[in-house]
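The values are calculated or read from the model by the stated rules, or taken from the named source; none is laboratory data. All values derive from a computational prediction rather than experimental measurement. Glycine gets a Cβ as well: all are built from the backbone with ideal geometry, and neighbour counts include every protein chain shown. Remember, those area values only see protein heavy atoms, side chains included, never the ligands or the DNA or RNA. Shrake-Rupley method; radii C 1.70, N 1.55, O 1.52, S 1.80 Å.
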Amino acid sequence: MALVSEFLGQLTLNLGGVSTARVVRPRQVLYAALRSQRATVRSLLYFLYFRTVAFSPASQTVKSAILICSTAAMCASFRFLLLNLQSSEPKYPTVVPFPDFDPDKDAARIETAIKTKGVDEQTIVDILTKRSYPQRREIAFAYEKRVKKDMISALKGALSGSLESVILGLMKSTAQFDATEIRASMKGLGTDEETLIEMVCSRSNDELMEIKKVYKELFKKDLAKDVAGDTSGNFAKLLLALVETKRDEPSSVVDYEKIDQDARALYEAGVKRKGTDVATWISIMSERSVPHLQKVFERYKSYSPYDMKESIRKEVKGDLEKSFLTLVECFENKQLYFASRLSDAMKSKGAKEKVVTRIMVSRCEVDLMKIRSEFKKQTGKSLYQTIAEHTKGDYQRALLSLCGGDD
């Protein structure tokens, strides 16, 4: 089992620059490897690591392989693999697979920590913040096998406050965590528009597709319908356009004519006219690829006396303004956007713990290393030092561990 998490984690780290020309071996090899679960699994994982497959040709084979897995831990690991094969964005995680991983040993330590009078939060933090998601799942399976109880329920009963939010968040996959946060932003009286905007406008097409699927599995509801029911007007139209995931895939061919057409269309729909043709803005910003839009915003400056963000501030207000600004900031530099969010959340003596927790948990296995770098460039102080100054106790210990070091 340790091999599964170790090599899947390494595979995740090496998905940037995957060659779409590479294809998997015949599916019989995968099936045989999964059935044996011993020496052949090592060969399979080495193969996947050194000859990473493109998502499309591998999808049906790996999906089929999941169905014949005979252990829940193996099944969870291969689902994690399938999701990461789908992602086209490179990873910059701070939480990576733990070497010499032993799920049984970790499960035993967590059992003792939970049973200790007063709860040994330090041990729980030290283990779960230093294991990758597949490894944390294997620990949970080992714990349930050992104690005959669900580890997540046990953790929920043993912990409280912000530390509980971090640890329970880590027990979800990134997509599960994101889906849960989106659901919470719309549940009950009123809508937490700030969270909803962050979660929908900052996620890539691949991430949103997975979030939609997981949202349906977890809550038996359609994400688009829930968004439509909790928002209105052009704000709702923009979020729904993003949730539809119609964004173009990046192309190696630069279409300068289309770049110019889109830049001119954005200008003519906004600054040039009286009133704003919001539908045109929504269409372009929800359907064009990110590299294309980056070039469009540069070209836009040749038409408009204002850059795209200045134009947005002049043309629209409220939640629609915040949504468009978030989109543009993420198109230009997503990690800088998250760094700014973290900086704003920790400007006062305390910290907006919900915002800090959400970003640290959701990005620690995605791009937190790069967020750290952008944070230092922007503020002149490391993220690690800032967290140390604005948080305390075991919650602080957990966040610093997820941060992965000082800069």
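What part of the accessible area of region 171-284, given as a whole %, is carbon or sulfur when the probe is 1.4 angstrom? Ligands and nucleic acids excluded, carbon and sulfur give 48 percent. Here the spin labels are modelled as points 7 Å beyond Cα on the Cα-Cβ line, and at Glu389 and Gln294 they lie 3.1 nm apart. Compared with the alpha-carbon gap, the fully stretched path from Glu321 to Lys381 is longer by 18.7 nm at 0.36 nm per residue. Between Met209 and Arg183, the FRET efficiency from the beta-carbon distance, with R0 = 22 Å, is close to 0.85.
Place a point 7 Å from Cα of Ala279 in the direction of its Cβ. Which residues in region 234-257 have their backbone N less than 20 Å from it? 234-247, by backbone N distance to the label point. For the pair Lys221 and Asp407, what calculated FRET efficiency results from E = 1/(1 + (r/R0)^6), where r is the Cβ-Cβ distance and R0 = 56 Å, to the nearest 0.05? Approximately 0.85, to the nearest 0.05. Length gained on full extension, Asp344 to Ala236, computed as 0.36 nm times the residue gap minus the Cα-Cα distance: 36.3 nm. Solvent-accessible surface of region 139-286, averaged per residue with a 1.4 angstrom probe and all protein chains in place: 48 square angstrom.
Taken one residue at a time, the phi angles of region 222-237 give Karplus couplings (6.51, -1.76, 1.60, θ = phi - 60°) of 8, 4, 4, 5, 5, 5, 4, x, 10, 10, 8, x, 5, 4, 5, 4 Hz. Gly and Pro are set to x. What a 1.4 Å probe finds exposed on region 310-407 is 47% carbon and sulfur by accessible area, rounded to a whole percent. Evaluating 6.51 cos²θ - 1.76 cosθ + 1.60 at θ = phi - 60° for every residue in region 158-174, the Karplus couplings come out as 8, 10, 7, x, 5, 5, 4, 4, 5, 5, 5, x, 5, 7, 9, 5, 4 Hz, glycine and proline recorded as x. Between the beta carbons of Glu244 and Lys156, assuming R0 = 30 Å, the FRET efficiency works out to 0.30 to the nearest 0.05.
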